[in-house]
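These notes are about the structure you will find just below.
Laboratory data are not the source of any read-out in this text; all were calculated from the coordinates shown. No experiment lies behind these values; they were computed from the predicted model shown. All Cβ positions, even for glycine, are placed from backbone atoms using ideal geometry, and neighbour counts span all protein chains on display.
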Amino acid sequence: MSRLTPSEIEPKWQAAWERAGCFTARHDPDRPKYYVLEMFPYPSGRIHIGHVRNYTMGDVIARYKRARGYAVLHPMGWDAFGMPAENAAMASGGHPKDWTYGNIADMRDQMKPMGFSIDWSREFATCDPEYYAQQQRLFIDMLEAGLIYRKAAVVNWDPVDMTVLANEQVIDGKGWRSGAPVERRELVQWFFRISDFSEELLEALDTLEKWPDKVRLMQANWIGRSRGLRLAFDLTAPAAGHERIEVFTTRPDTLMGASFVAVSPDHPLARALEEGDADLAAFSAECRRMGTSEEELETAEKKGYDTGRTVRHPLIEGRELPVWVANFILMDYGTGAIFGCPAHDQRDLDFARKYGLPVIDTFRPVPFSSDVESAEQEGFVSPEAGADAAFVPQKTEKVRWIDHFAGLTEATGEEAIDASIAHAEANGWGEGVVQFRLRDWGISRQRYWGCPIPVVHCEACGAVPENRENLPVRLPDDVSFDQPGNPLDRHPTWRDVPCPECGRPAKRETDTMDTFVDSSWYFARFTAPRAETPTDPEEAAYWMNVDQYIGGVEHAILHLLYSRFFARAMHITGHLPEKCREPFEALFTQGMVTHAIYQTTDDRGRPVYHTPDEVDVRETGEIVVRATGETVEVIPSQKMSKSKRNTVDPAAIVAQYGADTARWFVMSDSPPERDVEWTAAGAEAAFRHLSRVYRMAAENDPSEPGAEAEDEPLRRATARAIADVTEGIEQFGFNTSVARLYAFTNTIARSAASGAARREALKVMAQLMQPMTPHLAEEMWEMLGGEGLLAEQPWPEADPALLVEDTITLPVQVNGKKRGEITVPKDAAKDVIEALAMDEPAVQRALDGGRPKKLIVVPGRIVNIVV
RNA sequence: GCCCGAGUGGCGAAAUGGUAGACGCAGGGGAUUCAAAAUCCCCCGCCGCAAGGCGUGCCGGUUCGAGUCCGGCCUCGGGCACCA
């Protein structure tokens, strides 16, 4: 019996494709182009099954589009800068560069046997000096275009290791290595002016029709456009040189319910007051002993400090409000100061209750019945009357106002906000403003393994960009990681350079760029990866935009938003054409592959993680570390990540069953957009199926006679399979395409048609399987006498005449419940269908003598009898 | 805490508002075999002898008809600006 042997056929066909140059992207003005891109990987060391899933999806699209006649660009590269390389160097010696390039080599070696139709000649890593040289050029162009500036910003500071920590490295408010409580510290850093593009980035979301709605919504919320009022509260007595506090509010309609003003600990007034108030200074210091993440700020206990100062309410003569410093006010948003209206904001209410501040209703619900005077009579308890829940109705809901300054009685929140802003502007006590949540993008990182910021600091000339002919500013190789902090800071021969402008002694910028910068333009670089400029205009004009971008939802906001900003910046600086302002035409966010995490703890109580192949499941169900027998704690599934070691290595599957089986397996079963919990069962079944298909091709004999009458149904089934599989691929429903191919296999296997007819069906099967299992498909194509390489054949077309069915089966419902079925000619008249439906015995039984009130016939779909 | 998703048999899942469970896994039965492997065929949501009833996380609503649309919850996952 013929056997499928992947270890023989897979290398054979990979070599054949290579020889024929099938996957080299060719700029061909006579053909439509198609650029398919999967988010490039971080070279962590091993590919995991999530990568296989991601790149197989892209490969299915790439191979399909090639068969459809497109000039396809399908490149691969490495997002190669970042912290893990430095962590590895600190943990086990060695150099980040060696670690990174070693990992890249390993991962490339793992990926090539997968048979992805990638143009490897365009490969690059972001840590290649040739790449980051162009990134530095972009930086200088953007600096000159006014898109970059410097300002102070807070970072997580580890006071023991004397180093800046990433949010990820702050665990329960402590540094992950030192265990010391982190502090917030201000550093002067470089920023991209992404917030200048807030309005545009928001509005352009509407044009991204082939993006998932959820991603557009997440981005819109992130940019966070809000209309509100800016107004000032005058201090009753000037304090530390301040006479007023400017606040921004999105709910100016609740101003009559204001009962306190709160400012951020970083607000200039709070800082000034610290001088003469040791308790306040202590409070603020405590606030600063906290990480910088919004999550930490928002989930921390809300705390405040009464400054003893007061402000005057702008509209109520004689009302004075206390001024508090509160840990939940962000200096980065609005003016860093708010007024609190506890009756209509839960956070303010919690704060007011905690510190005994007044609660004043400004509106109540409109009573449901017309014969009562107030909501109270219907049992509503307002916050002012002691309720623990703030009254926060939808802004579209009508409420009854109490003594509103603009004279409102009943109005929705939206109407009230508009009226309030209009009133404030007309009477000169406030100004309507549009505020965005989006902040400028801070890119300075106090680390070695990143793209050096090409700037020199000169005492006379200030921050001066490096001369372009001196690019790249290369990372020095002779550095050590035996002490914390940035090795560039303690590298005098690299750091001390003459000023590019005046030539006097100066110092290089030792911060490097955020790695998000690297990934914000790599897609453009792939169009001309060896160009001496960031892009080549002709290549960019031809290949851009990315027609289909594929990646994880976890990148829905930051990476995609930064890339959208960068595309605009590159257009402004002349590196991309106008049409590239939105660089990704279509986006598909695939689900993550998740797996349980196996954790033990070391003698200091710190977590130790174990990979799935390091543990055994005992008969009792207990899961233990194979080497030590220690019982592990099983943490529920999360996305696979190197740091949690819950990754599954596809190498074992590939070694046992081959790449096609791994590819087939990750495309089947789960819909691509959904997360999938990895289980090893099923790979065996996938291999069995591929073997079966292989055998059917190997054993096909075209001279074998068959029942002539069976040829036609097989041709119909073939046409149906072409239509359904194609639709599945077009709609990213790869799992349904796979299901259709299973069904088609069964149909062929059971068909009594002639050998020749079966051969034709099997050739189509090979064509339809080619995107998913390319090696098997080539082997079949060859065995079945197909011309040339299957990878270069056009996609099969379904004969429309064969797709039409003569009769259809209609379900018959009684009161929405299915009771029977009728089979009718395709174009049966409505009254014929009605009569047939009424004649069904099961229908008669369900009617039970009742008379039909209404008969609904949905042509081609269903009959519903309403009694 | 805030923003965004997801939830359907024992399991992975399918289903333009129109037959819930296609296809696959696991399981059960059978054929072939001296036996086994491999292969092939059949059954397979739950309750019920059956007729039938109940079923898409929970509660309510819209509709002739809801897994699908609307409102309110629950659970799980993603993001929260220095993980990538």
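Computed from point charges on the beta carbon alone (+1 for Lys and Arg, -1 for Asp and Glu), the dipole magnitude for the stretch A:343-449 about its Cα centre is near 940 Debye. Computed over the stretch A:476-616, the Cα gyration tensor eigenvalues convert (square root of 5λ each) into semi-axes of 35, 32, 12 Å, ordered from largest to smallest. Distances between every pair of Cα atoms in the stretch A:440-514, grouped in 5 Å steps from 0 to the bin holding the largest one, split as 3, 17, 25, 25, 17, 9, 3, 0 percent.
Taking amide H as placed 1.01 Å from N in the peptide plane, the amide H of A:Ile822 sits under 5 Å from that of A:Leu810, A:Val812, each at least 5 places away or on another chain.
When the Cα convex hull of the stretch A:1-111 is projected onto planes of every orientation, the mean area is 10.0 nm². Taking the fewest neighbouring Cβ atoms within 10 Å as the starting point, the ordered list for A:Cys499, A:Cys127 is A:Cys499, A:Cys127. Against chain A, whose longest principal axis comes from its Cα atoms, helix A:278-288 is set at around 10 degrees. With a Förster radius of 41 Å applied to the beta-carbon distance between A:Ser7 and A:Asp603, the computed FRET efficiency rounds to 0.35.
The label point for A:His242 and the one for A:Ala752, both projected 7 Å from the Cα toward the Cβ, are 9.1 nm apart.
In whole percents, the pair-distance distribution calculated for the stretch A:254-308 from its alpha-carbon pairs, binned every 10 Å from zero, is 20, 48, 28, 4.
Proximity of backbone amide H atoms, modeled 1.01 Å from N, is registered between A:Arg319 and A:His313 at under 5 Å, excluding neighbours fewer than 5 places apart on the same chain. Spacing of the modelled spin labels on A:Glu614 and A:Val372, each 7 Å from Cα toward Cβ, amounts to 6.3 nm. Working note: Karplus 6.51/-1.76/1.60 with θ = phi - 60° gives the stretch A:848-863 the couplings 6, x, x, 8, x, 8, 7, 10, 9, 10, 9, x, x, 10, 6, 10 Hz, where Gly and Pro are set to x.
Taking 0.890 mPa s as the viscosity and 25 °C as the temperature, the Stokes-Einstein diffusion coefficient of the stretch A:683-734 based on its alpha-carbon Kirkwood radius rounds to 181 µm²/s.
Note on chain A: percent of Cα-Cα distances in each 20 Å bin, starting at 0 and stopping at the bin with the largest distance, equals 12, 34, 34, 18, 3, 0.
Estimated at 0.36 nm per residue, the fully extended path between A:Val392 and A:Glu144 surpasses their Cα-Cα distance by 84.5 nm. Computed from label points 7 Å out along Cα-Cβ, the spacing between A:Asp106 and A:Lys507 is 3.7 nm. Among A:347-353, A:426-432, A:21-27, A:75-81, sorting by the average number of other beta carbon atoms lying within 10 angstrom of each residue, highest first, gives A:75-81, A:347-353, A:21-27, A:426-432.
Within the stretch A:656-744, the GluC sites (Glu not before Pro) that combine a DSSP coil assignment with at most 13 other C-beta atoms in a 10 angstrom radius are A:Glu699.
Here's how it looks for A:Val867: its modeled amide H is under 5 Å from those of A:Asn815, A:Lys853, which are all 5 or more places away or on a different chain. By the rule of a C-alpha distance below 16 Å, with chain neighbours fewer than 8 residues away ignored, the lysines paired with A:Lys33 are A:Lys65, A:Lys579. Our coupling estimate for the stretch A:322-332, obtained by passing each phi through the Karplus curve with A = 6.51, B = -1.76, C = 1.60 and θ = phi - 60°, is x, 9, 10, 9, 10, 6, 9, 8, 8, 5, 6 Hz, Gly and Pro reported as x.
When the listed pairs A:Lys303/A:Lys644; A:Lys398/A:Lys853; A:Lys214/A:Lys639; A:Lys151/A:Lys214; A:Lys112/A:Lys644 are checked against a 29 Å cut-off, the alpha-carbon distance exceeds it for A:Lys303/A:Lys644; A:Lys398/A:Lys853; A:Lys151/A:Lys214. In the stretch A:181-304, a dipole from Cβ-located charges (positive for Lys and Arg, negative for Asp and Glu) runs towards its positive end, and of A:Pro212, A:Ala285, A:Ala237 it is A:Pro212 whose Cα lies farthest in that direction. Specify the inter-centroid distance of the stretch A:247-307 and the stretch A:1-76, based on alpha-carbon positions, in whole Å. Using only Cα atoms, the two centres lie 55 Å from each other. P(r) tail, the stretch A:741-793: Cα-Cα pairs separated by more than 16 Å, 36% of all pairs. Scoring A:295-304, A:798-807, A:140-149, A:544-553 by mean Cβ neighbours within 10 Å over their residues and listing the highest first yields A:544-553, A:140-149, A:295-304, A:798-807.
Taking 0.36 nm per residue of separation and subtracting the Cα-Cα distance, full extension of the segment from A:Ala282 to A:Val858 would add 200.0 nm. The alpha carbon centroids of the stretch A:411-464 and the stretch A:794-815 are separated by 58 Å.
The 3J(HN,Hα) values that the Karplus relation (6.51, -1.76, 1.60; θ = phi - 60°) gives for the stretch A:739-752 are, in residue order, 4, 5, 5, 4, 5, 5, 4, 4, 4, 5, 4, 8, 6, 9 Hz. Gly and Pro appear as x. Calculated FRET efficiency, A:His571 to A:Ser178, Cβ-Cβ distance, R0 = 41 Å: about 0.40 to the nearest 0.05. Rounded to the nearest 20, the Cβ-based charge dipole of the stretch A:98-216 about its Cα centre (Lys and Arg +1, Asp and Glu -1) stands at 260 debye. Based on the convex hull around the alpha carbon atoms, the stretch A:208-254 presents an average projected area of 5.5 nm².
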